[in-house]
Amino acid sequence: MKKILSALLVLVAQQAWAQHATTETLFSSKSGKKTTIGAYGAPAAKFTPIDGKFGLLTGGYGGVLLNGKIMLGAGAYSLVNNVDMPTVNTNGQKEYLNLWYTGFVAEYIHNSDKLIHWTAGALIGGGAAGRRNKNWWDGDEFDHDHTYDNHGFFVAEPYANVELNITKFLRLDIGASYRYVAGSNTTGITDGKLGGPSVNVGLKAGKF
C-alpha cells in the first residue's frame, strides 16, 4: 500500500509540474498552465544565393501549435530585390527574376520552455519563376513589374533554427534552410539555380 501511495504522489507531482512549468524568457520567467493548443505567426527573411547573386526573400509562416511542440500551418515567400537574368530578348533589355513560393509547413520545437532551444521543420508546396522588366511601357500605361515566361515548380525546403524566448509571447529565430526546386522551365534559369541554401531570420508572435 505504501508503494502504491508513493507512486501516486510522484505521478501527481509530475502532472502538477507539467501543468505549471516555468517558461524561461530573456526579460522574465513566468510559471503558468502549459498551453495545449496555441498558435503563432512569424514574419521572416531569407538571405540566399540565386545564380551566384544575392537574393532577399521575405514572407513568413505560422499555424496551430499543439502541446508546445508541433506546429501545423502554412508559409509563403517572394523575392524582393532585383536579381539579373541572362538576357534572351532581341532588344538586349535587362531582365530580372520574378520568384515566389508557398506551401504546407510543419515544425517541431524542442524544449520550448528553455530560454534557448532549437526547432526544425519543412515547407512543402509550389511556386513560380518568371522573367520581368524593371520598367515597361505598354502604350500609355507604365508597369514596373511586367512578368512573362512564368512557369510553376515544386518546392521542398527543410530548415533548422536556434530560437530565443524574448517574452512569453515573442520569440526570435535564426537558422538555415535548403530550398529544393523541381519542374521550372523558365528560359535562362534552371532548377538548380533557383534552389540553394538560405540564412533565415524570423520573429514569432503568438500563444505558446
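Scanning segment 78-110 for residues that are under 18 Å from residue 201 (Cα atoms) and open to solvent by less than 20 Å² (accessible area, probe 1.4 Å), which turns out farthest from the chain's Cα centre (by Cα)?
Looking at residues that are under 18 Å from residue 201 (Cα atoms) and open to solvent by less than 20 Å² (accessible area, probe 1.4 Å), I get 109.
Among the residues of segment 51-61 satisfying the criterion of being open to solvent by less than 20 Å² (accessible area, probe 1.4 Å) and of a type outside the set (A, V, I, L, M), which is nearest to residue 188 (Cα to Cα)?
55
Among the residues of segment 143-192, which ones are among the hydroxyl-bearing types (Ser, Thr, Tyr) and under 19 Å from residue 40 (Cβ atoms)?
159, 167, 177
Output the qualifying pairs, or none if there are none: Cβ atoms under 8 angstrom, residues six or more apart or on different chains, first residue in segment 171-188 and of a type in the set (D, E, K, R), second residue modelled with pLDDT under 95.
Final answer for the pair search is 171/208.
Given the structure, is residue 61 modelled with pLDDT of 85 or more, more than 22 Å from residue 180 (Cβ to Cβ) and assigned to a strand (DSSP E or B)?
No; evaluated as a whole, the condition is false for this residue.
Which residues, counting only those in segment 169-195, are in contact with a Lys or Arg (Cβ under 6 Å, 6 or more places away or on another chain) and within 17 Å of residue 127 (Cα to Cα)?
Once the filter is applied, which keeps residues that are in contact with a Lys or Arg (Cβ under 6 Å, 6 or more places away or on another chain) and within 17 Å of residue 127 (Cα to Cα), segment 169-195 yields only 195.
How many residues does segment 22-58 hold that are over 15 Å from residue 101 (Cα atoms), modelled with pLDDT of 95 or more and hydroxyl-bearing (Ser, Thr, Tyr)?
The total comes to 1.
Would it be correct to say that residue 123 is open to solvent by less than 40 Å² (accessible area, probe 1.4 Å), touching a residue at least 40 places away in the same chain (Cβ under 8 Å) and of a type outside the set (Lys, Arg)?
The answer is yes for residue 123.
The values are calculated or read from the model by the stated rules, or taken from the named source; none is laboratory data. Nothing here was measured: the structure is a model prediction, and the numbers come from that model. Don't worry about glycine lacking a Cβ; one is built from the backbone with ideal geometry, like all the others, and counts go over all protein chains shown. Side chains included, ligands, DNA and RNA excluded: accessible areas come from the protein's heavy atoms. Shrake-Rupley method; radii C 1.70, N 1.55, O 1.52, S 1.80 Å.
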